[in-house]
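Here, each number is a calculation from the coordinates, and none is a lab measurement. These numbers come from a predicted model, not from an experiment. Don't worry about glycine lacking a Cβ; one is built from the backbone with ideal geometry, like all the others, and counts go over all protein chains shown.
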Amino acid sequence: MSTKASAAASATSSAPSSSPLLSTTLSLVLLQLVSRLFSFSLNQLLLRSTTPQALGVATMGFEVVRDTGLFLVREGMRGAVVRTRSSASNELSPQLSRTLLLPTYLAPLPILFFGLYSFLAPSPLPTHFYSTLSLYALSAVLELLGERWYLHTLLNWETLTSVRVKIEGAAVGVKSVATLAAVFMGGERAALLAFGVGQVAYGATLLVGFWWRVGAELKTGGDDGRYDPEVVSTSWALTKQSLVKQLLTEGDKIAVGRLSKVEDQGGYAVALNYGSLIARILFAPLEETSRLFFSRHLSITQPSQADLLSTSTLLSSLLTLHTHLSLIFILFAPPYTAPLLYHLLGARWSAPLSSAPTILRAYCTYLPFLAINGVTEAFFQSAAGPEWLKRGSWWMAACSVGFLGAVIIGARAGLGEVGLIYANCLNMSLRIAFSSVFIRRFYKEKGAGEEVWKSLSWRRWAPKLQTVVVFGIAGVVVRRSEAKGGWKSLRGMAEHLGEGAACGFLCLAVIFVSERKNLRRLAGVVRRKRD
């Protein structure tokens, strides 16, 4: 068979994977969009009913401890399972079935983190502190009890993603309703306890949902007492890297929880909640589906040229998307942060009573770094071998030193919580640089062809000069609109939004014209995959 024929056959064989990839992406985005909009609506009532102190302790304290415990127990295993080739049947091999139970065996581990936090928590302790702490610990255990079935949905993501989407969407809705109901029943004094009730409702819904929809149909081939050595080895390597990664991810929250007043923690939590809304709705699904795609096409010893081209095209397309979104976040979004918080949450969460508007404004600058790092690290974690994973762990340690240094400099400069945002920008920049070096070396070692290198060229995904200029002018216009100060009235807010909408449509038109070649190229790739 000729080289061209081989490439065509390879491309054809990989074609079916594009349809599950697209449906997986759309399902995850839809889940995040519907569930977040639903919970967002309920949270407006919740934030108007709760206190900054309760929100600060729940977000900067309990959620950090819970997320850290869960991340260390299960994240490495999730990454390893994604790299595993799925079986066409619902029956798991005995070794793999036993391996998927490892996170469940480690379910008590997060309780130790909560126990440690109870000794380190700042005083005076708020009302219902220990009761809420216990509820958060229980919710972590409930999630890990159902982790085996979650891992099975990752193993067979082409067919089970829709099931996972429905279960997670239901859990988010139940959590929001339970939290809000507890606040209304208990009042402000029980606000902190209400967050714990919501977390338990979330964990219980996940456990029951995965058991009902996945566990009941899952079959195992018995138990021979052994584990899958490849999955365990990869999981351990990813877990070691995840340890430092999680400290970097939650470093700003830890610093705020230890150094800031409880009231300021609430302002930071509100800014984080709104600022990360885009990250949860759009960035997280794109990162997850790209990791699934990269893992399936690049985890083999020698990927084909078709695999190399399809992965580089996806990577380039995602970078194009994120670099253009960066213009929106940096130039467009900041002038709307203060009006947004004022009209949605009232004066309690607005300047000068709260630091939330200032922090949210700075968070807009952080979002581009977060998005690009998510994609490049997804590639790294999907394709890197043991040696590179070890290097990645050392680089993460170096990033933590850089982050700490930036935090100290920011504190001495009087930047406060905003300094933590900028320190995170530096942290993400260092991580992006490392992943970028790996990506280029990976394609070079795998003998990537000319088309692959063309797709990876920065000229393919960087915004055109005319696009940047138009966005810059639009940014000046909306900032002048904000400076007028009339947005506190509904009429003034409508005018402010109207100017932004007009500038936004103009910017989108410029993007469409300047990027029409890339859009046609991407459409052609999708069309060929469908055919």
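Remarks
- Local net charge near residue 110, Cβ-Cβ under 15 Å (Lys/Arg +1, Asp/Glu -1): -4
- Gained length - residue 440 relative to residue 106, 0.36 nm times residue gap less alpha-carbon distance: 116.5 nm
- Stretching the chain fully between residue 348 and residue 125 yields a gain of 78.0 nm (0.36 nm per residue, less the alpha carbon separation).
- Between residue 340 and residue 213, the distance separating the two model label sites (each 7 Å from Cα on the Cα→Cβ line) works out to 2.9 nm.
- Available extension along the chain between residue 476 and residue 394 is 25.3 nm, counting 0.36 nm per residue and deducting the alpha carbon span.
- Relative contact order (%) - the stretch 465-514, alpha-carbon pairs under 8 angstrom, separation at least six: 52
- Cα shape, the stretch 111-248, gyration tensor, a/c 1.5 rule: oblate
- Segments 482-495, 463-476 sorted - mean Cβ within 10 Å per residue, highest first: 463-476, 482-495
- Sorted peptide list for 391-401, 67-77, 204-214, 442-452, criterion being average Cβ within 10 angstrom, highest first: 67-77, 204-214, 391-401, 442-452
- Anisotropy class of the stretch 323-399 from Cα gyration tensor, a/c 1.5 cut: prolate
- Residue 433 versus residue 159: modelled label distance in nm, points set 7 Å from Cα along the beta carbon direction: 4.6
- FRET efficiency estimate (nearest 0.05) - Cβ-Cβ, residue 494 to residue 232, R0 45 angstrom: 0.15
- FRET efficiency, residue 501 to residue 459 (Cβ-Cβ, R0 25 Å, nearest 0.05): 0.20
- Computed from point charges on the beta carbon alone (+1 for Lys and Arg, -1 for Asp and Glu), the dipole magnitude for the stretch 465-514 about its Cα centre is near 180 Debye.
- Computed from the C-beta positions of residue 483 and residue 409, the FRET efficiency with R₀ = 35 Å rounds to 0.75.
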